[in-house]
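First up is the structure itself, then whatever we jot down about it.
Please treat every number below as a calculation from the coordinates, not as lab data. Here the structure is a predicted model, which is why all the values come from computation and not from measurement. Every residue, glycine among them, receives a Cβ derived from its backbone with ideal geometry; neighbour counts consider all protein chains shown.
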Amino acid sequence: MVQARLAEIHLPEIGDATTEPALPRRVFDGRINRLRQRMAEAGFDAVVIYGDREHVANIAWATGYDPRFEEALLVVTQDRKPVLFAGNEGYPYAECAQGDFDRTLWQPLSLMGQPRNRMRALRDELHDAALRKGMKIGLAGWKGFETEDGEFDSAWFEAPHYLVTALQEFGEVSNAALLFMHPETGLRAINEVEQLACFEAAATRTSNGLARIIHAARPGMTEYDAVRAMALDGFPQSVHINMCAGPRAKYGLPSPSFRKIEQGDPIVAGFGLMGALNCRAGFMVESAAQLPGTIGDYVEKLVEPYFSAAASWYDTVGIGVAGGAVYEAVMSRLADPFFSIGLNPGHLIHLDEWVHSLMKKGSTQNLVSGMALQCDIIPATGTDYFMSNIEDGIALADGDLRAAFAQAYPEAWARITARRDFMARELGIELKPEILPFSNISGWLPPFWMSPRLAMTRK
């Protein structure tokens, strides 16, 4: 086994996306058709999707509409065009969506203090949307309750109480989130080529932003100053930017502040847009000699085994591979309690940063073509050694999907090819043909942010 080590690495300029993929109407028509098929298989007469600003993915998948200031509902039955319920501001904005649906203004979805002059009872609106007494209804919020062994409680709802009780007037209501979010068969677990192209464009933005902040952040800058180097352009975010240095860095999630970065600080930055997220962590030093306290062996004790585990993740993932095999490939290298791995070593990603994960101990669920996945292994040691971090996205694509991607999106395909070459040539990570790296910094791990030319490799 080749030992991971720190070396001078040339991070190539793979570039920005100069075109923006889109999802045409036919994609949404196909999605509604597949949803209706799954509804029939599950015994549902109707499915109602709830969405809000923080939980847009299920309803946006079906319609192209992403709730902004308000909540939204989508009612899908077998025989009527889907009906989108929106509030005062969302109703006109829904005209921007690419999907095919009817609109209903239901003003209680609006913010408080806005007009309610056209409000009707929800049961009447639902009846007009084709709900009838005696129906079996699936309600998809943003998740559901599951046990450690994966048992799912269909009577647990992640949706407002008023909606649950209104739907129960029409019949039996069950949680239908897994129709969309099941880690192996969910409708959002397997993506069309057009959706994958959108994710690749988003990941190009996020990875370039992370590279820029790592190269720009220096002692004396405020955290806000460092984030400005990321060159945000207004693309919709999936999460708050998490960036901080010093005492708060150990928590991983705080937003930047006016605090000035100091030499020797631990530092972390994460940038997520709809469809992509990248994150890195390290120390604001030039070399191990500048590390604080007694952690001069930071690279040897933490970063080297961590990089080896992340490289093993890339070695293992592939079409037909069980999620449990990926888990074992990573966790067998980070079994020491020092690494404190608390979350799954990877998960599905979509418009939301985390959909579900099949990378669990003993999981027999298989990775399949069309999945978008996140390498996401976090050794939060809780010690002065802080942490290390590689978070990058990939897609799995069989030969037909790769050919379709290359033909329809040649610019993006050139970036994917360049990333694969970089990982093999500079990092010693040879990817299976079906692995499409979406990040311009895939596998790149510089532990010392003041010397970003030094990064981990197993060459």
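To the nearest 20 debye, what charge dipole does the stretch 192-457 have about its Cα centre, counting +1 at the Cβ of each Lys and Arg and -1 at the Cβ of each Asp and Glu?
With Lys and Arg at +1 and Asp and Glu at -1, about 440 debye.
Once Lys and Arg get +1 and Asp and Glu get -1 on their Cβ, which of Ala130, Ala159, Gly144 lies farthest toward the positive end of the dipole of the stretch 25-181?
Ranked along the dipole, the leading option is Ala130.
Give the long-range amide H neighbours of Asn389: residues separated by 5 or more places, or on another chain, with amide H under 5 Å away, using H modelled in the peptide plane at 1.01 Å from N.
Under 5 Å from the amide H of Asn389: Ala281.
Could you compute the FRET efficiency for Thr294 and Arg218, with r as their C-beta to C-beta distance and R0 at 22 Å, rounded to 0.05?
0.30
Relative to the Cα centre, what is the charge dipole magnitude of the stretch 109-167, using +1 at the beta carbon of each Lys and Arg, -1 at the beta carbon of each Asp and Glu, and rounding to the nearest 20 debye?
Here the stretch 109-167 has a charge dipole of around 680 debye.
What chymotrypsin sites (Phe, Trp or Tyr not before Pro) does the stretch 247-295 have in DSSP loop regions with at most 13 other beta carbons within 10 Å?
Sites meeting the loop and neighbour criteria: Phe258.
Could you pull out the pairs from Lys81/Lys133; Lys360/Lys459; Lys136/Lys360; Lys81/Lys136 whose alpha carbons sit more than 22 Å apart here?
Lys360/Lys459; Lys136/Lys360
Determine the dipole magnitude for the chain: charges of +1 sit on the beta-carbon of Lys and Arg, -1 on that of Asp and Glu, nothing else is charged, the reference point is the Cα centre, and the result goes in debye to the nearest 20.
It comes to approximately 380 debye.
Express the relative contact order of the stretch 415-459 as a whole percentage, based on alpha carbon pairs under 8 Å and six or more residues apart in sequence.
Averaging sequence separation for qualifying contacts and normalising by length gives 40 percent for the stretch 415-459.
Relative contact order for the stretch 25-181: what is it in percent, counting Cα pairs under 8 Å that are at least 6 residues apart?
The normalised contact order for the stretch 25-181 reaches 21 percent.
As a test of the definition: which semi-axes, in Å, follow for the stretch 25-181 when you take the square root of five times each eigenvalue of its alpha carbon gyration tensor? Largest first, please.
One finds semi-axes of 23, 18, 16 Å for the stretch 25-181.
Can you give the FRET efficiency to the nearest 0.05 for Arg132 and Leu343, using r as the Cβ-Cβ distance and R₀ = 45 Å?
Taking R0 as 45 Å, the efficiency between Arg132 and Leu343 is 0.55.
Taking R0 as 30 Å, what's the FRET efficiency between Phe258 and Glu20 from their Cβ-Cβ distance, rounded to 0.05?
Once rounded, the FRET efficiency stands at 0.30.
Among 145-158, 172-185, 94-107, 416-429, what's the highest-first ranking by average C-beta atoms within 10 angstrom per residue?
Descending mean neighbour count gives 172-185, 416-429, 94-107, 145-158.
Farthest toward the dipole's positive end in the chain, which of Trp313, Trp444, Phe338, given Cβ charges of +1 (Lys, Arg) and -1 (Asp, Glu) about the Cα centre?
Trp444
Of all DSSP beta bridges in the chain, what percent run antiparallel (nearest 5)?
Percent antiparallel among DSSP bridges in the chain is about 75.
Which of [x] 4, 20, 29, 24, 15, 6, 1, 0; [y] 4, 21, 33, 27, 12, 3, 0; [z] 4, 18, 25, 26, 19, 7, 1, 0 is the computed P(r) over Cα pairs in 10 Å bins from 0, in percent for the structure on display?
Correct label, based on the coordinates given: [x].
Name the shape class, rounded, prolate or oblate, that the alpha-carbon gyration tensor gives for the stretch 191-317, where a ≥ b ≥ c are the square roots of its eigenvalues, rounded holds for a/c under 1.5, and otherwise prolate holds if a/b is larger than b/c and oblate otherwise.
Cα axes put the stretch 191-317 in the oblate bin.
Relative contact order for the stretch 302-410 using alpha-carbon pairs under 8 Å, separation at least 6, rounded to a whole percent?
27
If you take every DSSP beta bridge whose two residues both sit in the stretch 25-181, what share of them, in percent to the nearest 5, is antiparallel?
Taking every DSSP beta bridge with both residues in the stretch 25-181, the antiparallel ones total about 50 percent.
Would you list, by chain and number, the lysines whose Cα falls below 21 Å from the Cα of Lys260, excluding same-chain residues fewer than 8 positions away?
Cross-link targets: Lys250.
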